[in-house]
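Heads up: the structure comes next, in C-alpha cells.
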Amino acid sequence: MTVQLTAVEVVSDALFACTYLWSHGRPYSRSDLDKAIHQHKDTSTRYGKLVAKLTQLHGMTYEELCDAGYLGNDAGQVNELRREALVEVIDEEELKAWLTDAQRIQRVFPSTEIQSRRTRLPLSRGSEGYDARQDFVIKHFLPAQSLCSIYGPSGSYKSFLAVSWACHIATGQVWAGKKVAPGAVLYVVGEGGVGVPRRIRAWEQINGLQADNLYLVNRPVFPVRSSEVNEVLLAARQVEAECGLSVSLVVIDTLARCFGGNDENDARDMGAFIEGCDTIKQKTGATVLVVHHSGKDEAKGARGSSSFRAALDAEFNVKREGEGKALILSCTKMKDAEEPERKAYDLLAAELYTDEDGEPICSLVVRDVPREAKEVDPELVGVPKLSDNHTALWQAIRSRTARGDVCTRAVIRDDLKAMGLDASKHFSRWLQKLVESGLVNLDGEQIHIQNLREVGN
C-alpha cells in the first residue's frame, strides 16, 4: 500500500513581515511581497491565497485605501478593518497567533524593534502620496480642512461673498460652476445686527432654497482664548447632532471683531489667533474662513502681522468694480493648487419685506457667474488729488451707510482709528475734501453720501 504524504505549509518570513506590517497600519515593501509570491506560488493554498490578497491590497491607490478605511486618523479602526480583510483568507486565531509571536517578531524585525520604538511622526518616502486627492469645500477655491481668508477694504462686498459661499456649501449647490462638498456651516457674526440674516434671506429668495444647514453665532468669538475655541467645538457638535451633517465651514467675520482686543500687528497675538483657528480646523475637520480688512495701503495686502498670511492655505482679495454692484475676486495665495483666475461677479438686489413705514427693505446677493473684470476705478474715479487717507475715509462712510448704521463725525473718526489711521489732526480736512468733491454732504454732525448711492460691504 502506498502512503501519500501531504506537505505542511509553512509561512515564510517574507509573508509574515507583509502580514504583520499590514495589520499594524504600516506599508510593506515590494521586495518582501515578491519574496512571498515566490515562496508561496500555489494560489490554491491558504498562504498562496493570502499572498494574492496582499498583492491586491498593495496595488490599491491612496484614494482607494482611504475610501476602504485602510488609511485614516483612527488607528484602532484602521487596523481592525485591515485585519478583517486578511481574516477573509486565513483563520482569525492563526492571524492573532502570528501578531503575538514575540520571538518571530524579534527575529524578522531584529533592528527596528517595531512594536516599542516607532516614531509617531507621519513619515513617507520620496514621492509617496504625490497623487493624493486634493479635497475642496468649493473646488479650486476653498481647500478642505484649511485656513483661508478673504480680505478687502470696507464696502468691497467681502461679507456678501462669504455669505454666498456659506449658503452654497450649506445647500450643496455648485458655486461659479465648481463642485461643492455639502456640509453644515457655522457663521460667526462678529459685528452683530441683522445684516447677515438679511443677506442669507436674500440668497434664499434669489435661489429658491432654504439654507437650513447654515447656523449663525450671533456674537464675536475669540480664537485666542481656549474657552472660546471650546465653545465653537461644542457648537459644531450640537449642529452636527441637529442636522446630521458635519460642519465643513466655519466663517469668522471679521478678524478685527474676533481678535479679543489684541494687537493685529503683534506676531505673538496673531500667532495665538492662528493657533485657535488651527484647533477649530483640526478638531472639527472644517475649513476656517476669516473675513479680514485691507491695510492702509491696499497694494500691500491684508492688515496686520504678516504671520497671518504665512499661515493661510488660500487667500483672496475682494474689491468693488467701479460704481456698479459688482466685486472683483482675485486669488492672492493658493498653497497646494493652481490659483483660480481673477474674475468679476455681479450682485443682484432682492426686496425682503416692507417695514412699518412702507419702505422696502432690500439686500444684495452675489451672482455666482464669473465674467471678465472691467478695470474701472470705484466711486472716486475722476476725483483729483485723493490720498489713501481720503479713500479710507470714503470707504468707512460708505460701509456705515450701507448697513444703515449711525454715520457721524465721531463714529467715523473711531472707525479710522480702528483701521490704524491717526485721524486726530487732519480728519476735518480729509472730510472737507470729500464734501468739495461732491461725494458726501454734512448735516451738523451727520455725514451723508451724496445722491444716496446704494452701497454695500
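The values are calculated or read from the model by the stated rules, or taken from the named source; none is laboratory data. Owing to the predicted nature of the structure, the values given are computational and were not obtained by experimental measurement. Backbone-built Cβ (ideal geometry, glycine too); neighbour counts: all protein chains shown.
Where in region 54-105 are the helices (runs of 4 or more DSSP H), entirely inside, with at least 3 residues that are acidic (D, E) and free of Cβ contacts under 8 Å to residues at least 60 places away in the same chain? Break it down stepwise before answering.
Values: elements: 62-68, 75-87, 92-99.
Counting at least 3 such residues, we get 92-99.
Only one of these conditions is not met by G126: (1) among the small types (G, A, S); (2) modelled with pLDDT of 80 or more; (3) more than 25 Å from the chain's Cα centre (by Cα); (4) more than 30 Å from E339 (Cβ to Cβ). Which number is it?
Condition not satisfied by G126: (4).
Filter the helices (runs of 4 or more DSSP H) completely within region 218-328 down to those with at least 2 residues that are touching a Leu at 6+ places or on another chain (Cβ under 7 Å) and not hydroxyl-bearing (S, T, Y).
Qualifying helices (runs of 4 or more DSSP H): 226-243, 267-284.
In this structure, is A337 surrounded by 14 or more Cβ atoms within 10 Å (Cβ to Cβ), under 30 Å from D131 (Cα atoms) and modelled with pLDDT under 90?
Against the criterion (surrounded by 14 or more Cβ atoms within 10 Å (Cβ to Cβ), under 30 Å from D131 (Cα atoms) and modelled with pLDDT under 90), A337 qualifies.
Quick check on region 88-99. Is at least one of its residues under 30 Å from G177 (Cβ atoms) and crowded, with 18+ Cβ neighbours inside 10 Å?
Just the residues of region 88-99 that are under 30 Å from G177 (Cβ atoms), to begin with: none.
No; the residues of region 88-99 include none that is under 30 Å from G177 (Cβ atoms) and crowded, with 18+ Cβ neighbours inside 10 Å.
Per-residue answers, yes or no, for (1) surrounded by fewer than 19 Cβ atoms within 10 Å (Cβ to Cβ); (2) at pLDDT 90 or above; (3) closer than 27 Å to Q395 by Cβ:
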site: F136; (1), (2), (3): no, yes, no
site: H140; (1), (2), (3): no, yes, no
site: S146; (1), (2), (3): no, yes, no
site: K158; (1), (2), (3): no, yes, yes
site: A170; (1), (2), (3): no, yes, no
site: W175; (1), (2), (3): no, yes, yes
site: V180; (1), (2), (3): no, yes, no
site: P197; (1), (2), (3): yes, yes, yes
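Within region 233-264, can you find the residues that are under 17 Å from the mean Cα position of the chain (by Cα), under 22 Å from F136 (Cβ atoms) and of a type outside the set (S, T, Y)?
Within region 233-264, A236, L245, V247, L249, V250, V251, I252, D253 qualify.
Residue pairs, Cβ under 8 Å, 6 or more apart or interchain, first in region 214-229 and within 21 Å of E242 (Cβ to Cβ), second of a type in the set (D, E). List them.
Within 8 Å, the pairs are V221/E228; V221/E231.
Tell me whether region 191-203 contains one or more residues that are out of contact with any Cys (no Cβ under 9 Å at 6 or more places or on another chain), within 18 Å of S149 (Cα to Cα), touching a residue at least 12 places away in the same chain (Cβ under 8 Å) and charged (D, E, K, R).
The answer is yes; a qualifying residue exists.
Determine which member of the set A162, A202, A166, A184 is surrounded by 20 or more Cβ atoms within 10 Å (Cβ to Cβ), touching a Ser or Thr at 6+ places or on another chain (Cβ under 6 Å) and either at pLDDT below 95 or assigned by TED's automatic domain parsing to the domain that holds C258 (or both).
Among A162, A202, A166, A184, only A202 is surrounded by 20 or more Cβ atoms within 10 Å (Cβ to Cβ), touching a Ser or Thr at 6+ places or on another chain (Cβ under 6 Å) and either at pLDDT below 95 or assigned by TED's automatic domain parsing to the domain that holds C258 (or both).
Need the failing condition index for R118 against (1) surrounded by 11 or more Cβ atoms within 10 Å (Cβ to Cβ); (2) at pLDDT 80 or above, just the number.
Evaluating R118 over (1) surrounded by 11 or more Cβ atoms within 10 Å (Cβ to Cβ); (2) at pLDDT 80 or above leaves (2) as the failure.
Select, from S306, S363, the only residue that is exposed (fewer than 15 other Cβ atoms within 10 Å of the Cβ) and closer than 27 Å to D414 by Cβ.
Of the residues listed, the single one that is exposed (fewer than 15 other Cβ atoms within 10 Å of the Cβ) and closer than 27 Å to D414 by Cβ is S306.
Would you be able to say whether some residue in region 194-205 is part of a loop (DSSP other than H, G, I, E, B) and under 15 Å from the mean Cα position of the chain (by Cα)? Step through it out loud before you land on a result.
Residues of region 194-205 part of a loop (DSSP other than H, G, I, E, B): 194.
In the following step, the residues that additionally are under 15 Å from the mean Cα position of the chain (by Cα) were identified as none.
So far as region 194-205 goes, no, none of its residues is part of a loop (DSSP other than H, G, I, E, B) and under 15 Å from the mean Cα position of the chain (by Cα).
Of the numbered conditions (1) at pLDDT 90 or above; (2) more than 29 Å from S127 (Cα to Cα), T43 fails exactly one; give the number of that condition.
(1)
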